[in-house]
Amino acid sequence: MILHPSVLALVGSALLVGALLVYSAFWGARIVQSWDLSSGSELQLALERRTHLISTLLGYVLVFGLASLFLFVFTADSLAPLFTGAMCAAGSLHASRYGYPTLLLQIGGFALAAIWLIVNRADSLGYDYPLVRFKYRFLLALTPVLLAETALRAAYFLDLKPEVITSCCGSLFGSGGRGFGSDLAGLPPSLAGGVFVALLLGAIGAGMVFRISGRGGWLLGALSALSLPVGLAAVVSWLSPYVYELPTHHCPFCLLQGEYHWIGYPLYAALLGGSLTGAGVGVLMPFRSIPSLDVELPAYQRRLAGWSVALLTGLGLLVGWIVATSHLRTS
């Protein structure tokens, strides 16, 4: 393993997070099995105390997990000079067979953890813990994903060897190469960009309608959820060449470098944040009929929709600015 401060921090924190997740999942299973708010038993009182502790604990754990996605990519990018052939995080991740699976699993874990935090916040709005069983069943499904992510992350860093010769982003994300990155780069740019812009405008419009009328939550959730994978694909096939002003350069990782003003960080943060807050509105739609949430939950959903509209609008303005100021011109 490469003894880099960020690597040690990511591996050490992953082990700690994994242990806390196992502890939380154990009590989550007990809560799902034995929760009975009408009971005054000693077990029920213990579970009520535990749910406050676990919710607080998981809040910190999952927020750190969200931040670790960006730290992981930043670390992979900073390791690039150690590998022959690597120019950015694309080459560092390719230096081990665990690199890209770890990244994909982290993105999935990021999305699921964000939705859990949204559901957990909604549960705290009701006086009778109305979503307690749902959120702990969700936790039991989420825990294996996050533990697998932890294991893969450790395996990736342990597998790294500086003597490995890896590939540069030009070959990994070149339209003439082979692999998933090349397939994304080979998508028709006008089609990928058009679908992404249409989804973005649709999600913003649905969010504004929901903020005003409280209607269209399912549509907002669906459009927001779709905008995440479509947006990531559009960055590779359509948007990146405008940043680099080179039609053959499709790397999604060079956007995170100082040479390009670190524009990838606000770009990806707005895409992830806007998509997931909008998707959270849709996830919460089935619970609007619960009596203890009939007032607070719609107001919370409107706040989520507001965040989604603000972030996706910011994303749209940033994308528009990139395209408008680029010297690249397509036919």
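Remarks
- Set L219, L223: member being within 26 Å of L317 (Cα to Cα), within 18 Å of the chain's Cα centre (by Cα) and either charged (D, E, K, R) or at pLDDT 85 or above (or both): L223
- Elements of the type helices (runs of 4 or more DSSP H) sitting completely within region 1-103 and holding at least 2 residues that are under 26 Å from the mean Cα position of the chain (by Cα) and without any contact (Cβ under 8 Å) to a residue 40 or more places away in the chain: these cover 5-34, 42-78.
- Looking only at region 277-299, and only at residues there that are more than 21 Å from the chain's Cα centre (by Cα) and hydroxyl-bearing (S, T, Y), the one that is surrounded by the most Cβ atoms within 10 Å (Cβ to Cβ): S292
- Region 58-76, residues that are in contact with a Phe, Trp or Tyr (Cβ under 6 Å, 6 or more places away or on another chain) and surrounded by fewer than 16 Cβ atoms within 10 Å (Cβ to Cβ): none
- Any hit, region 148-157, residues being over 21 Å from V17 (Cα atoms), part of a helix (DSSP H, G or I) and modelled with pLDDT of 85 or more: no
- Of the helices (runs of 4 or more DSSP H) entirely within region 172-265, those holding at least 3 residues that are hydrophobic (A, V, I, L, M, F, W, C) and surrounded by fewer than 15 Cβ atoms within 10 Å (Cβ to Cβ) occupy 189-213.
- Residue selected from region 101-129 under the condition over 15 Å from L66 (Cβ atoms) and of a type in the set (D, E, K, R), by the criterion surrounded by the most Cβ atoms within 10 Å (Cβ to Cβ): D123
- Which listed residue is at pLDDT 95 or above, surrounded by fewer than 22 Cβ atoms within 10 Å (Cβ to Cβ) and of a type in the set (A, V, I, L, M), from L304, L312, L317: L317
- Residue match in region 160-169 (condition: surrounded by fewer than 19 Cβ atoms within 10 Å (Cβ to Cβ) and in a helix (DSSP H, G or I)): no
- Some residue of region 104-124 being among the aliphatic types (A, V, I, L, M), in contact (Cβ under 8 Å) with a residue 24 or more places away in the chain and not in a helix (DSSP H, G or I): no
- Tally, over region 107-137, of residues that are at pLDDT 90 or above and polar (S, T, N, Q): 1
The values are calculated or read from the model by the stated rules, or taken from the named source; none is laboratory data. Fair warning: this is a prediction, and the values are worked out from it, not measured in the lab. Cβ: placed from backbone, ideal geometry, glycine included. Neighbour counts: every protein chain shown.
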